[in-house]
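Chemist: If you scroll down you'll find the structure; I have some questions about it.
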Amino acid sequence: MSKSVLFVGGTGIISSACVKEAVAQGYEVTVLNRSKTKFREISKDVEVVIADIRNENEYREAVSRRSFDCVINFIAFVTDHIKTDIGIFKDNCGQYIFISSASAYQKPLEKLPIRESTPLINPYWQYSRDKIACEGLLMDEHRVSGFPATIVRPSHTYDQTLLPFEGGYSVISRMKKGLPIVIHGDGTSLWTLTYNEDFARAFSFLLANKSAVGDSFHITSDELLTWNQIYQIMAEAAGIKEVNYLHLASESIAEVAPELGPSLLGDKSYSVIFDNSKIKAMAPGWQALTPFRVGAEKIMAFYDSHPEWQQENQQMSQTLELLAKRALARDCI
């Protein structure tokens, strides 16, 4: 008999790929969401339950009289969300997987590579601190009551819709217009980008897996790129031959655009090298197969065929211009 898996969320960049993979692996898949997405269609082999999980009574009514071999929550962000899930699923799931974030790892990092044992400390980004608190609550509950929690920490995971830098298509538009592009720091810090289908193949090994209960895993590509390389690869995929790159300290970017500060100072400013041996032990033979150069081509093919997505965010465009002016002014000093 197929094992039953409930995805809370299930239509996002990461979760949609995981749903697709779970179906391919023969799981009986249910997706709980507020509404059916118009963009990422859900397979007809998936049961869709419509409910608002932020309405606890509605959420409980939708799932509390059912049992699942595995429940995965992709859209829990604060401890109140976790407390609700513990109350709903404490007696009716064999495993509960919380999707945390690799941004929770210690910043600044004291040593590389990053392992699951790396401390979880992020003084710069509230999002990361909230994820850390969620993890702590789940592990406490596991130790006290045996709640079958598993923690998974994605890093920068993308599909064909997600451009890899702050500013989205506004950055591509500036490149095409010959306007300067600002890269944080000196552009040489190392980063890893993971294609969502690669993530999903590894993730599927954790589903309804008793040996993963009470444990944590990150799942990333092993490919390492500098941010200079990431921008250049995207420019080449967009058919842009020459780009004027400028560099600006992350702290200066945060001064000009405070909304960009947390993710830069709390994550992207640091070189990250992940040791994936733990997930590879759970997923024999797995490795990420999509190099970012291929991923970048997928991204630009999508945008080229979807002109409605080629929208500049006016506020972000203004921010990018301010950053370029700051970087040029610094270079003129």
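Chemist: Restrict the check to region 176-195 and report whether at least one residue is of a type in the set (Ser, Thr, Tyr) and more than 21 Å from the chain's Cα centre (by Cα).
Modeler: Yes.
Chemist: Moving to a separate point now. Give the residue, chosen from SER43, SER67, that is at pLDDT below 95, more than 20 Å from SER100 (Cα to Cα), of a type in the set (Gly, Ala, Ser) and assigned by TED's automatic domain parsing to the domain that holds SER100.
Modeler: After applying the criteria, what remains is SER43.
Chemist: With respect to GLN287, is the statement that it is modelled with pLDDT under 95 and surrounded by fewer than 16 Cβ atoms within 10 Å (Cβ to Cβ) true?
Modeler: no
Yes or no, residue by residue, for (1) under 27 Å from TYR96 (Cα atoms); (2) out of contact with any Phe, Trp or Tyr (no Cβ under 8 Å at 6 or more places or on another chain):
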site: LEU206; (1), (2): yes, no
site: TYR245; (1), (2): no, no
site: SER250; (1), (2): no, yes
site: GLU255; (1), (2): no, yes
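Chemist: A further question follows. What's the total number of residues in region 236-258 that are touching an Asp or Glu at 6+ places or on another chain (Cβ under 8 Å) and outside any helix (DSSP H, G or I)?
Modeler: 2
Chemist: Can you tell me which residue in region 22-40 is modelled with the lowest pLDDT, limited to those that are surrounded by 21 or more Cβ atoms within 10 Å (Cβ to Cβ) and not in a loop (DSSP other than H, G, I, E, B)? Talk me through it step by step, then tell me what you get.
Modeler: As a first pass, look at region 22-40 and keep what is surrounded by 21 or more Cβ atoms within 10 Å (Cβ to Cβ): 22, 27, 29-33.
Adding the requirement that they be not in a loop (DSSP other than H, G, I, E, B) leaves 22, 29-33.
Details: ALA22: 98, VAL29: 97, THR30: 97, VAL31: 96, LEU32: 96, ASN33: 90.
Out of the qualifying residues, it is ASN33.
Chemist: Which one of these does SER305 not meet: (1) closer than 22 Å to ILE13 by Cα; (2) hydroxyl-bearing (Ser, Thr, Tyr); (3) crowded, with 18+ Cβ neighbours inside 10 Å?
Modeler: Every listed condition holds for SER305 apart from (3).
Chemist: Further question on the same structure: Residues of region 74-112 being under 20 Å from ASP215 (Cα atoms) and among the basic types (Lys, Arg), which ones?
Modeler: The answer is LYS83, LYS90.
Chemist: Restricting to region 311-324, what's the tally of residues that are under 16 Å from GLY178 (Cβ atoms) and part of a helix (DSSP H, G or I)?
Modeler: Count: 4.
Chemist: Check GLU321 against each of (1) under 29 Å from ILE151 (Cβ atoms); (2) surrounded by fewer than 16 Cβ atoms within 10 Å (Cβ to Cβ) and name the one condition it does not meet.
Modeler: If we test GLU321 against (1) under 29 Å from ILE151 (Cβ atoms); (2) surrounded by fewer than 16 Cβ atoms within 10 Å (Cβ to Cβ), just (1) comes out false.
A quick yes/no check of all residues on (1) hydroxyl-bearing (Ser, Thr, Tyr); (2) more than 30 Å from ARG330 (Cβ to Cβ); (3) touching a helix residue (DSSP H, G or I) at 6+ places or on another chain (Cβ under 9 Å):
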position: ILE132; (1), (2), (3): no, yes, yes
position: GLU135; (1), (2), (3): no, yes, yes
position: LEU138; (1), (2), (3): no, yes, yes
position: GLU141; (1), (2), (3): no, yes, yes
position: PHE147; (1), (2), (3): no, yes, yes
position: THR157; (1), (2), (3): yes, yes, yes
position: PHE165; (1), (2), (3): no, no, yes
position: GLY178; (1), (2), (3): no, no, no
position: ALA200; (1), (2), (3): no, yes, yes
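Chemist: For region 42-58, indicate whether the set of residues that are buried (at least 19 other Cβ atoms within 10 Å of the Cβ) and in a strand (DSSP E or B) is non-empty.
Modeler: No, region 42-58 has no match at all.
Chemist: For SER263, which of the numbered conditions (1) touching a helix residue (DSSP H, G or I) at 6+ places or on another chain (Cβ under 6 Å); (2) not in a loop (DSSP other than H, G, I, E, B) fails to hold?
Modeler: (1)
Chemist: Also: Return the residues of region 136-165 that are on the phi > 0 side of the Ramachandran plot and either in contact with a Cys (Cβ under 7 Å, 6 or more places away or on another chain) or part of a helix (DSSP H, G or I) (or both); say none if nothing qualifies.
Modeler: none
Chemist: To continue, here is another question. Any residue at all in region 98-105 that's without any contact (Cβ under 8 Å) to a residue 24 or more places away in the chain and in a loop (DSSP other than H, G, I, E, B)?
Modeler: The answer is no, given that none of the residues of region 98-105 is without any contact (Cβ under 8 Å) to a residue 24 or more places away in the chain and in a loop (DSSP other than H, G, I, E, B).
The values are calculated or read from the model by the stated rules, or taken from the named source; none is laboratory data. No experiment lies behind these values; they were computed from the predicted model shown. Here the Cβ is made from the backbone with ideal geometry for all residues, glycine too, and neighbour counts use every protein chain on show.
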